[in-house]
Every structure is written in structure tokens, then in C-alpha cells.
Amino acid sequence: MDSAISERGADRPADRRPTPALRSTADNGLKIVIVGGFGVGKTTMVRSVSEIRPLNTEETMTKAGEAVDDTAGVATKTATTVAFDFGRITLDAHNVLYLFGAPGQERFWFLWDRLFSGTLGAVVLVDTRRLADSWYAIDRLEHHGTPFVVACNDFGGPAHTPEQVREALDLPAGVPLVFCDARSRESSKDVLISLIQHLQAYPAPLTPEPAP
């Protein structure tokens, strides 16, 4: 899913529309991180919703990575993010949203804590076929006191009710859970809107505990 041409054929969303030239500066830059397991669609979501051509750091997957990367369920992936993806959305004349897609493989998790620095909120993107891959992302966001929403990307697998997903991920009642198609610009925008609405109702920032 994270590849330049994903396993679902989402190289470029059909609903992409040209946007006017962007201002070179903005008064306020708001940072959002999209995080989740390997191959859940983070690169695809950034690509689908960004109004600029996204920056990505994808590399071709090779035989050398087979011993360290769990490709169960994503065997058709040909490329993977090795640092982060970056996109941008202009909210108004003074505010822009910066989107960072985190790498999913366990060997790159050490980058996550730094990527979370200064983050307004996060989207945890999950594949319901591999829910266990989302636990680490949720754990780190809770540790940092970072508000987040969980978005289930539609891979056409067995249907799960929201209650089943919540129970499997042990999600607190206050964490929004939405279903989406990361290939769709409108669907990805709806996920970000859910996050912004959650942030507006979120209590005062929590003080994170010392790192274990």
C-alpha cells in the first residue's frame, strides 16, 4: 500500500484537482502525523490529500529486507518508505497543515518519537486484516500525550464492526474511529476533519512520562 504504485493500483487518485499556486510562507504551520503498520496506506493517504506533489522517501524492496520485514498480507509491495512522506494542505490565508507519513517497518520505529515532536495530532491508519500492527503506534502516541484518531483503511477484507475494532485495539471511548479509503481525496479529507474536530474537544495537553 505504501509503494509508489500500491497493491491497489493507487498511483494517483482520480479525484485529484489542480490547485492554485501556494504562498511561499504562512503565519501558522500545523503538523499532523499519519502513522501505522507496514503497508497500511500512509503514503497513499498523503499522496491523495496533499495539494502539492508529495515528498516521499521510497526505496525498492529487495531480497535483503525479507529477513527483517514482515510482509504477510502485503506480499505484492515493491517499494517502501524509509524516512517519511510529506504533504501540505492550505487551510486559509494564514494557516497551512503539514502532513508527515511515518515509515511502518519495525526497524524504522526509532524515528517515530522525533517525528512526533511538535505534532498537533495524529492519524493511526490501520488494516483490519492486521490490527496487531497498530498497537505500537497507539502506545507511543499515548505515551507522548498526542491526541489521535484511528482510521480503518478499506482493503476489501472481512468486515468488522466498530465495536470489534475498538475491542481488538483496546481503544478508549473518547478516541474517534472512522472508516476510509486512503486512495480517495474526499475520504482522506474526512479523516483529517475528524481529527481536527477531536482536537477541538481535546482536554489540556498531557505531560508525557519519561521514556522507558
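Values in this text are rule-based calculations from the coordinates and carry no lab data. This is a predicted model, so every value here is computed, not measured. Cβ atoms come from the backbone with ideal geometry, glycine included; neighbour counts cover every protein chain shown.
For F148, which sequence-distant residues (separation of 5 or more, or a different chain) have an amide H within less than 5 Å of its own amide H, given hydrogens modelled in the peptide plane?
Sorted by chain and number, the residues that satisfy this are A122.
Ranking request for peptides 29-42, 169-182, 116-129, 135-148: highest mean number of other beta-carbon atoms within 10 Å first, then the rest in descending order.
Highest to lowest by the protection proxy: 29-42, 116-129, 135-148, 169-182.
Largest first, please: the extent of the C-alpha atoms of region 114-159 along each principal axis, to the nearest Å.
The Cα atoms of region 114-159 stretch 36, 16, 14 Å along their principal axes.
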